[in-house]
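The values are calculated or read from the model by the stated rules, or taken from the named source; none is laboratory data. None of the values given here were measured: they were computed from a predicted structure. Note that we place each Cβ from the backbone using ideal geometry, even for glycine, and neighbour counts take in every protein chain shown. Just so you know, the surface numbers come from the protein's heavy atoms only, side chains and all, with ligands and any DNA or RNA stripped out. Shrake-Rupley method; radii C 1.70, N 1.55, O 1.52, S 1.80 Å.
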Amino acid sequence: MGLVSVLLISFCVLSISMIGTDNIVVGIPTTLDGPFKPVTVPLDKTFRGHAVDLPDTDPRVQRVVQGFEPEQISVSLSTTHDSVWISWITGDFQIGDRIKPLNPKTVASVVRYGRLRIPLIHKATGYSLVYNQLYPFVGLQNYTSGIIHHVRLTGLKPNTLYHYQCGDPSIPAMSSKYYFKTMPASGPKSYPSRIAIVGDLGLTYNTTSTVDHVIGNNPDLILLVGDVCYANLYLTNGTGADCYSCSFSQTPIHETYQPRWDYWGRYMQPVTSKIPIMVVEGNHEIEKQVENQTFVAYSSRFAFPSKESGSSSTFYYSFNAGGIHFIMLGGYIAYNKSAHQYKWLKKDLAKVDRKVTPWLVATWHPPWYSTYKAHYREAECMRTAMEDLLYQYGVDIIFNGHIHAYERSNRVYNYTLDPCGPVHITVGDGGNREKMAIAHADEPRNCPDPSTTPDEYMGGFCAFNFTSGPAAGKFCWDRQPDYSAYRESSFGHGIFEVKNETHALWTWHRNQDMYNSPGDQIYIVRQPERCPTEPKKVSHKC
């Protein structure tokens, strides 16, 4: 046997030893190795990113269609693999003192689609709407959107590529042809290859870096866990700032500049027209206007499988992606036990069959377990209302945004290390212009006064001093808490890859790194034999 043959055999043996069953790579840590000692990556002061918004002169945000041709095209999922939503906008927005809303009835909502590019043999119709952002003060400019279309396609086959065109064929005003791939059918051995998780995305040059990295990872699905375009960092005249309250503290109402939504939709179309995107609301989507209306742009621009999942709200819903059941919750709508959201959540959890969808993943915008000074313990009322329920049903992973940094927890429940608690992951570092969160609450002189911590929008106060454990009698730990496994201030996104019923690979990609150099990587391992997924009694440790 020659030297080359020996080397080839040795390489093959090494490769086999490194790759286990179901493509589990040996050498990458797993949650079974934990809980891990807390790690804080030192701040790289040379990397501050480019947190400057794309201007309206950038060709990537300008309107390039004519008349009523579709733009801002996006795909989102329904509750199961056999259905998706196609959304788009026709006609241009108007902003100023005198606006006249377009009539949605004048343009049809039609999608032609099929498994072959030619001919597109199927047809679906949907509904359309126009929304306004109005301000009851002299001198502020009002806004009315183009016509927003939402069409649901049904009867689709799993894990299948479909081609489609959208628009109104009678004008004619149809889009170019695009394509999307459906999710795998729900089952314990059926999963999307890669799911991108990103939060607080915005529309900066940092955003473009994040999006380029996401595209490079070729995901089958994108989850945007709140804070989309940051239109509310602008006055209605288009003047923007990194800090609204700092720069525009005398405004009679918190204004927004709605064209930023259109710029974001245009920039994202090359991605969202092919890769389904699922969005949940963040605080920057509140956008208060006349008659105290809120979240109007968010609720109008995206299609949500609310009705299909038994929800009466765009703020919370659920869907399946292969053997994963995703629960999208609202941090800015009532969540107490008497609220509609809580009652819906309880029903939704009770219907989940873990033999069909072993993985249970929840997401909402403001995190419960963050050790950064910014927004510290802000969502404590939501945690005290809902944590028991999620723990009882064995939620595996929770994704959040809001904090402009990255943090991964050990398995935790009620601030206590718990082998059956979920892993909490904060990825609120997509690239917005508010820049990164840097200060930690456990560092000297960084612990906020408890009275400053209630959420400004939801109100209520639930964050008190700890009564037991290492931080007993204090509002903050005096060191990185045990439940915090890894934290770092940097921009990036995450990739979630479920390998089988028990193993999922989580990888955090920093914008400054090459793809083969992950910032953080771990297998999240389920233990259904140790941690039952049926409701179980919980102990209230403090």
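Some notes on this structure:
- CD proxy at 222 nm, helix term only [per DSSP H run n ≥ 4: -39500 (n - 2.57); per residue of the chain; nearest 500]: -4500 deg cm²/dmol
- Normalised by 2.2 N^0.38 Å, where N counts its residues, the alpha-carbon radius of gyration of segment 37-193 equals 1.37.
- Solvent-accessible area, 1.4 Å probe, carbon plus sulfur percent, for the chain: 55
- Candidate lysines - alpha carbon under 17 Å from K474, same-chain residues fewer than 8 apart omitted: K373, K541
- Extreme residue, positive dipole direction of the chain, given options A231, A471, P305 (C-beta unit charges): P305
- Of the whole protein surface, L390 contributes about 10 Å² of accessible area at a 1.4 Å probe radius.
- Dipole of segment 261-391 [Lys/Arg +1, Asp/Glu -1 at C-beta], most positive-end residue of I277, P358, T314: P358
- Take V25: with every protein chain present and a 1.4 Å probe, its accessible area is about 40 Å².
- Cα-based Kirkwood hydrodynamic radius, segment 410-536, one decimal, Å: 17.4
- Span from the segment 146-202 Cα centroid across to the segment 351-370 one, whole angstrom: 23
- log₁₀ of I(q)/I(0) at q = 0.13, 0.24 Å⁻¹ - segment 259-351, Debye sum with one point per alpha carbon: -0.52, -1.33
- The order of Y413, Y205 by accessible area, most exposed first and with a 1.4 Å probe, is Y205, Y413.
- At 0.890 mPa s and 25 °C, Stokes diffusion of the chain via Kirkwood alpha-carbon radius, µm² per second: 101
- When Rg and the Kirkwood Rh are both derived from Cα coordinates, the Rg/Rh ratio for segment 292-337 amounts to 1.00.
- The alpha-carbon of K288 sits under 23 angstrom from the alpha-carbons of these lysines, leaving out residues fewer than 8 places away in its chain: K100.
- Ranked from largest to smallest solvent-accessible area, with a 1.4 Å probe on the protein heavy atoms, D212, D513 come out as D212, D513.
- When every Cα-Cα distance of segment 173-301 is counted in 5 angstrom steps from zero, the calculated P(r) takes the values 2, 9, 17, 20, 17, 13, 10, 6, 3, 2, 0, 0 percent.
- Trypsin sites (Lys or Arg not before Pro) within segment 176-241, DSSP loop, no more than 15 other Cβ atoms inside 10 Å: K177, K189
- Rolling a 1.4 Å probe over the protein heavy atoms gives the chain an accessible area of 41 Å² per residue.
- Spin-label model distance (nm) - L417 vs T30, 7 Å beyond Cα toward Cβ: 1.9
- Cross-link partners for K181 among the aspartates and glutamates, with Cα-Cα distance under 16 Å and sequence neighbours closer than 8 places in the same chain left out: D82, D220.
- Karplus-derived 3J(HN,Hα), 6.51/-1.76/1.60, for each residue of segment 94-100, Hz, glycine and proline x: 10, 9, x, 7, 10, 10, 10
- For segment 124-282, averaging the sequence separation of C-alpha pairs within contact (under 8 Å, six or more residues apart) and dividing by the residue count gives a relative contact order of 20 percent.
- Approximating the spin labels as points 7 Å out from Cα along Cα→Cβ, the Q512-to-K177 distance works out to 4.5 nm.
- Those trypsin sites (Lys or Arg not before Pro) in segment 328-372 that DSSP places in a loop and that have at most 15 other beta carbons within 10 Å: K337, K355
- For S128, the accessible surface of its heavy atoms amounts to roughly 40 Å² (probe 1.4 Å, protein chains only, rounded to the nearest 10).
- Largest first, the residues E456, E308 sort by 1.4 Å accessible area into E456, E308.
- Karplus (6.51, -1.76, 1.60) ³J(HN,Hα), θ = phi - 60°, over segment 24-37, in Hz, Gly and Pro reported as x: 7, 7, 5, x, 7, x, 10, 5, 5, 7, x, x, 8, 5
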